[in-house]
Amino acid sequence: MLKDLKFDTDPNKFKYQQIVDCFIDNISKGNIKKNQTLPSINVFSKEYKVSRDTVEKAYKVLKSKNIIAANKGKTTYVQSTEISVKKNILYLMNKMNDYKSRVYNSFIDELGDDFNIDIEIYHCDESHFLKLLEKNIGNYDYYVIMPHFKSNHAKEFSFSDKAVEVIKKIPRNQLVILDNNDLSVDGDIIEIYQDFENDVYNALLNGKDKIINHKKMIVRIPENEQFSYQHKIYRGCKKFCIEHNMDYEVSSTDNLNLQKGELQFIIDDDDLVNVIDAINDNKLKIGKDIGVLSYNETPLKRLLGIAVISTDFKKMGKTAAKMLMERKKGKIKNTFSFINRKSI
């Protein structure tokens, strides 16, 4: 029996993680040797007065790191004393597109070589997200999540109670939330977020002199798949238009009855293509007959001269990585701006 194991008493760290860290610390110091036999789960549980499930989970994590193994007789032993100093990160991305790729790429570029990152894409499907998370809780040092789930209709929040419950199983000191702060997770975590409603409202204020020259704002929201952040974007637009006596309406691109003098504010990039095609088909001039404002910056929009309001995706990833490496905690609103171009 290993008599001298002393577990960390950090209240922000689960007991199984305390056991894992204790083993790693003792192995790195030479107190536990290679090929040394370890107590069974039942014996360990009884000796150290921790639940059997906790010990089983700790052993599972140590096995996933190839530190311990079980022989044919099911005796557990130390397989390797070569403890990797690299930390393991599970990165859960809601979908792969230009914006999310920029966040991810800037995140890994800032981290460098001291971290191993596994990326999983759950396609905005909450059930898939939960399966991935529940399967991997306890197997990683950090969990980076971008929580956006699709719904059949716009609403304030798109998280089920189950999603919140599972996310809160992650130790606070291992949790990094990007882009969406609807979860309202308490404790010391890293969170780099967009404040969708107020960000949009303030960006429109920055472009007010050009925007209010249009007689009406048409907010284009996709009809088939909707997200709670789209609802917040619309509220920011509505607030701006009411304050500046500007007519407005929300519509999808299924109904493209374009009128001169309107400002088309388009959230989805596929919808942007449809609107530009319709403008050209009606022989209208962008920036002269009709205004076009898009959500989220891309290189193509820059080349086409499309005005945008957008967060800084590279900065989001870079800030998160820097805080993780420096072990800083906090909730930071990411930079958001209006970029004026000839389309309005």
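Remark: relative contact order (the range 15-78) = 40 percent; criterion is Cα-Cα distance under 8 angstrom and separation of 6 or more residues.
Just reorder His244, His123, His214 by solvent-accessible area, largest first, 1.4 Å probe, all chains present.
Values: His244 55, His123 115, His214 30 Å².
My answer, sorted largest first, is His123, His244, His214.
Measuring nothing but protein heavy atoms, the accessible surface of the range 197-311 at 1.4 Å probe radius is 43 percent carbon and sulfur.
Quick check on the range 197-311: take the gyration tensor over C-alpha atoms, sort the square-rooted eigenvalues as a ≥ b ≥ c, and tell me if it's rounded (a/c under 1.5), prolate or oblate. Verdict is rounded for the range 197-311.
Give, as ranges by residue number, the residues of the range 221-236 whose backbone N falls under 13 Å from the point 7 Å along Cα→Cβ of Gln259. Residues passing the 13 Å test: none.
Express the relative contact order of the range 197-311 as a whole percentage, based on alpha carbon pairs under 8 Å and six or more residues apart in sequence.
Values: 160 pairs, mean separation 31.2, N = 115.
Dividing the mean separation by the residue count of the range 197-311 yields 27 percent.
Is the shape of the range 119-204 rounded, prolate or oblate, going by the alpha carbon gyration tensor and its root eigenvalues a ≥ b ≥ c, with a/c under 1.5 for rounded and a/b larger than b/c for prolate? Oblate, since a/c reaches 1.5 and b/c is not below a/b.
Would you calculate, for the chain, the mean residue ellipticity at 222 nm contributed by helices, counting each DSSP H stretch of 4 or more residues as -39,500 (n - 2.57) and dividing by all residues, to the nearest 500?
Here the helix-only value at 222 nm equals -11500 deg cm²/dmol.
Taking 0.36 nm per residue of sequence separation and removing the Cα-Cα distance, the Thr81/Asp161 pair yields an extension gain of 24.6 nm. Ordering Asp186, Asp209 by accessible surface, largest first, gives Asp209, Asp186; the 1.4 Å probe counts only protein heavy atoms, with every chain in place.
Expressed as a rounded percentage, what relative contact order does the chain have, with Cα pairs under 8 Å and six or more residues apart?
Numbers: 592 pairs, mean separation 54.2, N = 344.
Dividing the mean separation by the residue count of the chain yields 16 percent.
So between Leu205 and Lys331, what do we pick up on full extension, going 0.36 nm a residue minus the alpha carbon distance? Present the calculation step by step, with values, prior to reporting the outcome.
Working: separation 126, 0.36 × 126 = 45.36 nm, distance 2.46 nm.
Stretched out fully, the Leu205 to Lys331 stretch lengthens by 42.9 nm.
Restricting attention to the chain, close to 20% of DSSP beta bridges with both partner residues there are antiparallel.
Could you tell me which of the pairs Lys13/Lys34; Lys288/Lys331; Lys150/Lys285; Lys29/Lys322; Lys215/Lys318; Lys150/Lys314 are separated by over 32 angstrom between their Cα atoms in the structure shown? Write out the running numbers ahead of the final one.
Numbers: Lys13/Lys34 27 Å; Lys288/Lys331 41 Å; Lys150/Lys285 34 Å; Lys29/Lys322 29 Å; Lys215/Lys318 40 Å; Lys150/Lys314 24 Å.
Over 32 Å Cα-Cα: Lys288/Lys331; Lys150/Lys285; Lys215/Lys318.
Report the calculated FRET efficiency for Asp53 and Asp25 (r = Cβ-Cβ distance, R0 = 25 Å), to the nearest 0.05. Please list the in-between numbers first.
Working: r = 22 Å, r/R0 = 0.90.
That gives a FRET efficiency of 0.65.
Given +1 at the Cβ of Lys and Arg, -1 at the Cβ of Asp and Glu and no other charges, the dipole of the range 98-228 around its Cα centre is 700 debye to the nearest 20.
Please give the FRET efficiency for Lys169 paired with Ile119, using the beta carbon to beta carbon distance and R0 = 25 Å, rounded to the nearest 0.05. Taking R0 as 25 Å, the efficiency between Lys169 and Ile119 is 0.75. I need the shape label for the range 188-261. Rule: rounded when a/c is under 1.5, else prolate if a/b > b/c, else oblate, with a, b, c from the alpha carbon gyration tensor. Oblate shape, in that a/c is at least 1.5 and b/c is the bigger or equal ratio.
Return the FRET efficiency for the residue pair Lys342, Ser64: r is the Cβ-Cβ distance, R0 is 51 Å, and the value is rounded to the nearest 0.05.
On the way: r = 54 Å, r/R0 = 1.06.
Result of the calculation: an efficiency of 0.40.
The values are calculated or read from the model by the stated rules, or taken from the named source; none is laboratory data. Computed from a predicted structure; not experimentally measured. So basically every Cβ, Gly included, is an ideal-geometry build from the backbone, and we count neighbours across all protein chains shown. Heads up: the accessible areas ignore ligands, DNA and RNA and are worked out on the full protein's heavy atoms, side chains in. Shrake-Rupley method; radii C 1.70, N 1.55, O 1.52, S 1.80 Å.
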